[in-house]
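Worksheet: the structure to be examined is printed underneath.
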Amino acid sequence: MPDFEFRLEHTAGHARSGRFDTPHGVVATPAFMPVGTLATVKSLDPDEVRATGAQMILSNAYHLHLRPGDELVRDMGGLHSFMRWDGPILTDSGGFQVFSLAGLRTIDERGVEFRSHVDGSTHLFTPERVMQIERNLGADVIMQFDHVIPGQSDATAARDASERSVRWLARCQAELARLNAIAPKRQALFPIVQGGIHAQLRREAARAIRELGDWRGFGIGGLSVGEDKPDMYDMLEVVDEALPTDRPRYLMGVGFPEDLVEGVARGVDLFDCVAPTRMGRNGTVFTNDGRLNIKKAAFRTDAAPLDAECDCATCRRFTRAYLRHLYVTDEMLGLRLLSLHNVHFLVRLMRDAAAAVREGRFEAWSHDWLTRYHSRNRSNA
């Protein structure tokens, strides 16, 4: 059996459900991947993350290169051993992080020279160096080094970044082949389709990427970075038509519930975002009736769970009143329980979406879910 294989099992319109086989296990899609930027899903033990139903997690090459160092992670047996997660792992290349360092980086065809946000030290990320870092980290799926720009960038800037990303992809591909000739390793390189909010650029990028190789999957980048949501959804429809149907599509850095449902409707299989744990640490949780701010005084004596329809460990055991008490008194347990709920919520949402696809009811399910979520969201915020 191949190390990586995607089987498309059911469709409903453009929505899909499938099975992505990796060396560390199977991912049933569509799926949300919790983000473990620094080899930890913030505040959560790997066993807790696994208990949410999460199948695959994401870590970040930029952050782990700076701390504790990708060579140290390699010497400790790679990410799976280092963080004690035995399931599939994907590493982002750090492209978004280095390009977000406004004033701290210089871009040219070689790559990006930047100053560390940790200690000010100077580093150079090239496509070749990033492949070496991601090889050291040892994730199952590794992302190419790409050029990320703001979502509303004009066509000229978007073309420059998109075409550079394709050129850098070819260099990533060549470097990975060189590394594999020295010591083969079971890793799948995903290219990233860029092009901003310009449909023709997205099509051109997808075509150029497909001409470079037979990829195990595709990333969709440069979205949820400042553009309007209708523009993001439009680009997903363009990319859906431009990519092969027999490979997984990963929408990078998108993780609000409504965007996951809209993404599945447009052919996306994998998602990730820091939102569930970040919002949990800020006292905001996802529910089927929209976002809920646990800091509100109205919850001081509320004996209900966060979401009566949720079966996570937080909702099964604790009341809103208790969770509010933990949060306002700065108890660490409160942040952990809210984060745990949010991760579970998104993982289950994608499991429910997959069931709706399998059963041929995705269109009705997504319409009803989005109508309810949007109609009640205002009163809970």
message = Looking at the range 239-252 only, could you name the residues that are free of Cβ contacts under 8 Å to residues at least 60 places away in the same chain, within 13 Å of A265 (Cα to Cα) and in contact with a Lys or Arg (Cβ under 7 Å, 6 or more places away or on another chain)?
response = V239
ask   = Quick one: would you say R372 is within 25 Å of Q55 (Cα to Cα), out of contact with any helix residue (DSSP H, G or I) (no Cβ under 9 Å at 6 or more places or on another chain) and not assigned by TED's automatic domain parsing to the domain that holds Q55?
value = no
request  = Might you check whether a residue that is at positive phi and touching a residue at least 24 places away in the same chain (Cβ under 8 Å) occurs anywhere in the range 193-203?
outcome  = yes
Residue that is at positive phi and surrounded by fewer than 24 Cβ atoms within 10 Å (Cβ to Cβ), where the choices are G53, G18, G87, G94 = G53
Count - residues of the range 65-77 that are buried (at least 18 other Cβ atoms within 10 Å of the Cβ) and within 16 Å of P46 (Cβ to Cβ) = 1
remark   = When R266 is run through (1) within 29 Å of E9 (Cα to Cα); (2) of a type in the set (K, R); (3) free of Cβ contacts under 8 Å to residues at least 12 places away in the same chain, the failure sits at (3)
inquiry  = Which pairs turn up if I take residues in the range 311-335 that are free of Cβ contacts under 8 Å to residues at least 40 places away in the same chain and look for partners that are of a type in the set (S, T, N, Q) and in a helix (DSSP H, G or I) with beta carbon separation below 8 Å, at least 6 apart in sequence or on another chain?
reply    = L323/T314
query = over 21 Å from Y250 (Cα atoms) and of a type in the set (G, A, S) - does that describe any residue in the range 25-35?
reply = no
query = From the list R135, R129, which one is outside any loop (DSSP other than H, G, I, E, B), of a type in the set (K, R) and more than 27 Å from R159 (Cβ to Cβ)?
reply = R135
task = With the condition kept exactly as written, say whether any residue in the range 97-108 is modelled with pLDDT of 95 or more, at negative phi and among the hydrophobic types (A, V, I, L, M, F, W, C).
result = no
Conditions (1) out of contact with any strand residue (DSSP E or B) (no Cβ under 8 Å at 6 or more places or on another chain); (2) in contact (Cβ under 8 Å) with a residue 60 or more places away in the chain; (3) of a type outside the set (D, E); number of the one not met by L292 = (1)
inquiry  = What are the pairs with Cβ atoms under 9 angstrom where one residue, in the range 135-159, is under 18 Å from R74 (Cβ atoms) and the other, located anywhere, is surrounded by fewer than 24 Cβ atoms within 10 Å (Cβ to Cβ) and modelled with pLDDT under 95? Sequence gap at least six, or different chains.
reply    = D140/D3
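The values are calculated or read from the model by the stated rules, or taken from the named source; none is laboratory data. The model shown is predicted, which means the values in this text are computed figures rather than measured ones. Cβ: placed from backbone, ideal geometry, glycine included. Neighbour counts: every protein chain shown.
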